[in-house]
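The values are calculated or read from the model by the stated rules, or taken from the named source; none is laboratory data. In this text, all values refer to a predicted model and were calculated from it rather than measured experimentally. Using ideal geometry, Cβ is built from the backbone for each residue, glycine included, and neighbour counts are taken over all protein chains shown. Keep in mind that these areas ignore ligands, DNA and RNA; they rest on the heavy atoms of the full protein, side chains included. Shrake-Rupley method; radii C 1.70, N 1.55, O 1.52, S 1.80 Å.
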Amino acid sequence: MARVTARSEELFQEALRRFPGGVNSPVRAFKAVGGDPFIVARGEGPYLFDVDGNRYVDYIMSWGPLVLGHAHPKVVAAVTRQLQLGTSYGAPAEPELELARIIQEAMPNLEKIRFVSSGTEAGMSVLRLARAFTGRTKIIKFHGCYHGHADALLVKAGSGVLTLGLPDSPGVPADVAGNTLTAHYNDLDSVARLFEENRGQIAAVIVEPVPGNAGLLTPRAGFLEGLREISDQEGALLIFDEVMTGFRVHPGGAQTLYQVRPDLTMLAKVIGGGLPVGAFGGRKDIMSMIAPEGPVYQAGTLSGNPLAMAGGIATVSGWLEGDTFARAERIAKRIAEEFRELSLELGIPLQAASVGTMFGFFFNDAPVVTFADAQRSDLARFRTFFSRCLDRGVYFAPSQFEAGFVSITHEGEALEHTLRVMKDVLHEMSQE
Ligand code: KE4
């Protein structure tokens, strides 16, 4: 059942000449699954349409932000309204306050907040701040977690780095990478050991509370609480990277779902509703060190950009309305359940889970709890599954090591089509 891809292929050939690898972010390439990416013409609700007219149920949703679906009328109207009022002021404006109010109500741990333009910016800024506040240099991150592409965080990173099997951080000075220590997610002993070996030197522990950049992993009972405890004992800050999980695993993020209070939080994605945005925030005493209130410099021409704020306000307020989140959560749960049921029925080793409105699946015969477990997945099987779903109009992330994202618009036809395709493809695979 071959798709017509002539126009996509032609454009991608040109893209290869103009962009490294033909893309403007490595995760968009199909390196891990073979073939070339399709070229998008437009998005509508749960669907993407390519330049050859093919339709796909989209489970990437711009890698998380589009909780209301593509081109939701309320988001389009809000951004259009703002467009007419100006695209950027370089001066304070009310939409920044409005979005901050919504975020701080949902996530009260962000006592003060600063808007930036991407998750990467949030990551590099929280590290600088944590180092300034503690007067220490080293940080602990986890194998397979991704916090954007700032130098200090490109060590044992997940997402595209992991998918492409790239070596650690060429171009990152050794003395920068040397201050980033790596522990194992869901293994508190590995964290305790690093603290022991580096007493009084660790500024912060940074973690994706629910990692989505090594596939979807979930925290063992007590793991996040343990990180809080050990950070307190050792005088280090705990940073939750909720760029992906913020408003996705729970309306108040992973910190509300698991009731663990980080000192600092990174956000992006959903809070811009598909426009370029990021934010970081947390304890007032720490955030007050940021310029101009304090001496830690952090700035941005487009920070708090009114178009991004308008997209974020419309998206988050729509998302928090009525039972929208609960309905979307059921969709993610249904997909994970279907993977598990089909695995049992067809004898294909598969692990699947959902947390809030994120889901993940691994072609793996044992439970996936750690990053090492995830790495033992059957990548050849993933590749077959991915390609056949794509040919039948269902677009999962082109990597075993990325999470799946649903929107409220995936209810109904889109979900039914997905479940049918999953069943057909896994059935075929079980016969081979
Ligand atoms: P951005 O700089 O891409 O806005 O955010 C970086 C980032 C930070 N923290 C977490 C937990 C993230 O998931 C991300 C970005 N996620 C990837 C998807 N795996 C974005 C897609 C891409 O790199 O193109």
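Within region 94-108, can one find any residue that is closer than 27 Å to GLY278 by Cα, in the same structural domain as LEU264 (by TED's automatic domain parsing) and not in a helix (DSSP H, G or I)? Lay out the reasoning, then the answer.
First, pick out the residues of region 94-108 that are closer than 27 Å to GLY278 by Cα: 94-108.
If we keep only those that are in the same structural domain as LEU264 (by TED's automatic domain parsing) too, we end up with 94-108.
Add one more test, that the residue is not in a helix (DSSP H, G or I), and what stays is 107-108.
Yes - at least one qualifying residue is present in region 94-108.
Is it the case that region 57-74 has a residue that's farther than 30 Å from GLU10 by Cα, within 16 Å of the ligand (Cβ to nearest atom) and part of a loop (DSSP other than H, G, I, E, B)?
yes
Can we say ARG136 is at negative phi, in contact with a strand residue (DSSP E or B) (Cβ under 9 Å, 6 or more places away or on another chain) and in a loop (DSSP other than H, G, I, E, B)?
Yes, satisfied.
Kindly indicate which of VAL76, VAL51 is touching a strand residue (DSSP E or B) at 6+ places or on another chain (Cβ under 8 Å), open to solvent by 40 Å² or more (accessible area, probe 1.4 Å) and β-branched (Val, Ile, Thr).
One residue alone meets the criteria, VAL51.
Here is a list: THR357, THR384. Which entry is of a type in the set (Ser, Thr, Tyr) and open to solvent by less than 40 Å² (accessible area, probe 1.4 Å)?
Values: THR384 fails: open to solvent by less than 40 Å² (accessible area, probe 1.4 Å).
Going through THR357, THR384 in turn, just one is of a type in the set (Ser, Thr, Tyr) and open to solvent by less than 40 Å² (accessible area, probe 1.4 Å): THR357.
Take residues that are within 24 Å of PRO251 (Cα to Cα) and tell me which of the helices (runs of 4 or more DSSP H) falling wholly in region 352-432 contain 2 or more.
Where helices (runs of 4 or more DSSP H) fall fully within region 352-432 and carry at least 2 residues being within 24 Å of PRO251 (Cα to Cα), they are 413-431.
Within region 114-131, which residues are more than 11 Å from the ligand (Cβ to nearest atom), open to solvent by 10 Å² or more (accessible area, probe 1.4 Å) and closer than 15 Å to ALA299 by Cβ?
Of everything in region 114-131, those that are more than 11 Å from the ligand (Cβ to nearest atom), open to solvent by 10 Å² or more (accessible area, probe 1.4 Å) and closer than 15 Å to ALA299 by Cβ turn out to be ARG114, PHE115, ARG128.
Which members of region 134-151 meet the condition of being within 13 Å of the ligand (Cβ to nearest atom) and open to solvent by less than 10 Å² (accessible area, probe 1.4 Å)? It would help to see each step written out before you state the result.
Initial filter on region 134-151 (within 13 Å of the ligand (Cβ to nearest atom)): 141-142, 144-150.
Selection gives LYS141, PHE142, GLY144, CYS145, HIS147, GLY148.
Report, by residue number, each residue of region 304-342 that is small (Gly, Ala, Ser) and under 17 Å from TYR59 (Cβ atoms).
ALA328, ALA332, ALA336
Looking only at region 288-299, decide whether some residue is within 15 Å of the ligand (Cβ to nearest atom), closer than 23 Å to ALA132 by Cα and not small (Gly, Ala, Ser).
Within region 288-299, none of the residues are within 15 Å of the ligand (Cβ to nearest atom), closer than 23 Å to ALA132 by Cα and not small (Gly, Ala, Ser).
With the condition kept exactly as written, say whether any residue in region 178-196 is open to solvent by less than 50 Å² (accessible area, probe 1.4 Å), within 11 Å of the ligand (Cβ to nearest atom), assigned to a loop (DSSP other than H, G, I, E, B) and touching a residue at least 40 places away in the same chain (Cβ under 8 Å).
The answer is no, given that none of the residues of region 178-196 is open to solvent by less than 50 Å² (accessible area, probe 1.4 Å), within 11 Å of the ligand (Cβ to nearest atom), assigned to a loop (DSSP other than H, G, I, E, B) and touching a residue at least 40 places away in the same chain (Cβ under 8 Å).
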